[in-house]
1. Counting Lys and Arg as +1 and Asp and Glu as -1, what is the net charge of the other residues whose Cβ lies under 14 Å from the Cβ of Val55?
2. Measuring from label point to label point, each 7 Å out along Cα→Cβ, what is the Ala119 to Lys71 span in nm?
3. Over 19 Å between C-alpha atoms is what I'm after, so list which of Lys52/Lys111; Lys5/Lys59; Lys41/Lys71; Lys9/Lys52; Lys71/Lys111 land there.
4. Grab the Cα-Cα distance for His43 and Val55, subtract it from 0.36 nm times how many residues apart they are, and report the gain in nm with one decimal.
5. What distance in nm separates the simple spin-label points at Lys13 and Val109, each placed 7 Å from Cα in the Cβ direction?
6. How would you order 5-15, 47-57, 86-96 from highest to lowest mean count of nearby Cβ atoms within 10 Å?
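Values in this text are rule-based calculations from the coordinates and carry no lab data. On a predicted model such as this, the values are computed, not experimentally measured, just so you know. Here the Cβ is made from the backbone with ideal geometry for all residues, glycine too, and neighbour counts use every protein chain on show.
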Amino acid sequence: MISAKRIIKMARKWQQMAAGNRKRISYPRHEVSMHSSAANKGHFVVYSIDHKRFVVPLKYLSTNIFRELLKWSEEEFGLPANRPIMLPCESVFLDYVISLVRESIPEDVEKALTTFVAACHNEASSSNYGLRQSNVQTIIYGF
């Protein structure tokens, strides 16, 4: 398990590396204000592709599903420099993932969800159409 301090150090290093490459994504003017508010201590902020803001506890970074989503985000959008972290999924799916992690997701369900995200990631990167055109079915987990 990676400690929160180690993750923060890695994030700062990634930001410095990305700043050197000068890869940036610009956002429309009206959205700039929503990116300015910082998260509380022990949390980080991510955005879905439909620009919904999520404040997530740092402890969620120890889950495989968030690691896979962040890896996919890095490959899709590059390392964030002077911009928020954007996850390549819609807010409904991210709400679902967060609710599962909050409720202590069972190991087999987390493994299935991680496999699903990895499959979507691989399919999106191998096709020109991306995740929205994917034929992969969504995994549903009920209580």
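1. Values: positive: Lys41, Lys52, Arg53, Lys59, Arg102; negative: Asp95.
Residues near Val55 contribute +4 overall.
2. 1.7
3. Values: Lys52/Lys111 25 Å; Lys5/Lys59 11 Å; Lys41/Lys71 23 Å; Lys9/Lys52 26 Å; Lys71/Lys111 16 Å.
Long pairs (Cα-Cα over 19 Å): Lys52/Lys111; Lys41/Lys71; Lys9/Lys52.
4. Numbers: separation 12, 0.36 × 12 = 4.32 nm, distance 0.63 nm.
Going from the current span to full extension adds 3.7 nm.
5. Between Lys13 and Val109, the simple spin-label model gives 3.4 nm.
6. Details: 5-15: 12.5, 47-57: 16.0, 86-96: 17.5.
Put in order of decreasing packing, that is 86-96, 47-57, 5-15.
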